[in-house]
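Everything below concerns the one structure shown next.
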Amino acid sequence: MSGNITFTMIKPKAVAKGYMGKIIDQIIAGGFKIKALKYTKLTKQEAEQFYAIHKERPFYQGLTDFMSSGPIIAAVLEKENAVEAYRNFIGATNPEAAAEGTIRKLYGTNIEANAVHGSDSDENAVIESNFYFSTREWNY
Ligand code: IDP
Ligand code: MG
């Protein structure tokens, strides 16, 4: 089961620009099934906890300020080989380097405000899903 799920967020800038409907449409059209979905906002402390793995990186303060700056969409997605499939689907971290037609290329503003998050491993997909949702909300 865990090999078939990934976790995503639509980041504050993309929500603020009104792209959430278009991005959700693209995710569904890409064959990802939505298992759980939430419109919410992170506190600075929650953003720091979510991105704790990056706390030594120079962009950590800016990233966690940004991620707590406005509402986001959190979602658990299901597809075969979901983590790798979704990372390929959304494009490279830097929207300028992302492939044409990908969500980050179409809706990203810059390397920080790159429209969406995607889990980097099956283990982190579970941890990140559990960060936002109770197990019964996504693991059914
Ligand atoms: P990923 O989202 O493609 O997995 P990570 O390296 O895990 O990329 O970085 C997490 C997030 O941190 C990125 O999605 C982006 O929002 C932000 N980020 C990564 N590198 C930079 C940078 O060099 N400057 C500013 N923000 C960055
Ligand atoms: Mg990452």
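The values are calculated or read from the model by the stated rules, or taken from the named source; none is laboratory data. Note that the structure is a prediction, hence the values are computed from the model and not measured. Cβ placement follows ideal geometry from the backbone for every residue including glycine, while neighbour counts extend to all protein chains displayed. Protein only, heavy atoms only, side chains kept; ligands, DNA and RNA dropped before computing areas. Shrake-Rupley method; radii C 1.70, N 1.55, O 1.52, S 1.80 Å.
Structure notes:
- Computed over the Cα atoms of the stretch 5-72, the ratio of the radius of gyration to the Kirkwood radius (Rg/Rh) comes to 1.01.
- Across the stretch 54-69, computed HN-Hα scalar couplings (Karplus, 6.51 cos²θ - 1.76 cosθ + 1.60, θ = phi - 60°) run 9, 5, 8, 7, x, 8, 4, 5, x, 5, 6, 4, 4, 5, 9, 8 Hz from first to last residue, x flagging Gly and Pro.
- Karplus-derived 3J(HN,Hα) values for the stretch 122-128, using 6.51 cos²θ - 1.76 cosθ + 1.60 with θ = phi - 60°, are 4, 4, 5, 4, 5, 4, 5 Hz; glycine and proline are entered as x.
- Cross-link pairs 17/55; 55/79; 11/33; 44/79; 11/35; 22/55 - those with Cα-Cα distance over 26 Å: 17/55; 55/79; 44/79; 22/55
- Extension gain, residue 56 back to residue 78 (0.36 nm per residue minus Cα-Cα distance, nm): 4.8 nm
- Between residue 136 and residue 22, residue separation times 0.36 nm minus the direct Cα-Cα distance comes to 38.3 nm.
- List 133, 59, ordered by accessible area with a 1.4 Å probe, largest first: 59, 133
- Across the chain, the relative contact order, built from alpha-carbon pairs under 8 Å that are at least six residues apart, equals 38 percent.
- The modelled label-to-label distance for the pair residue 93/residue 34, using points 7 Å beyond Cα in the direction of Cβ, is 2.8 nm.
- Computed with a 1.4 Å probe over protein heavy atoms only, the accessible surface of the stretch 1-87 comes to 51 Å² per residue.
- Kirkwood hydrodynamic radius (C-alpha pairs) into Stokes-Einstein, the chain, 10 °C and 1.306 mPa s, D in µm²/s: 107 µm²/s
- Exposure check, 1.4 Å probe, all protein chains in place: residue 134 carries approximately 50 Å² of accessible surface.
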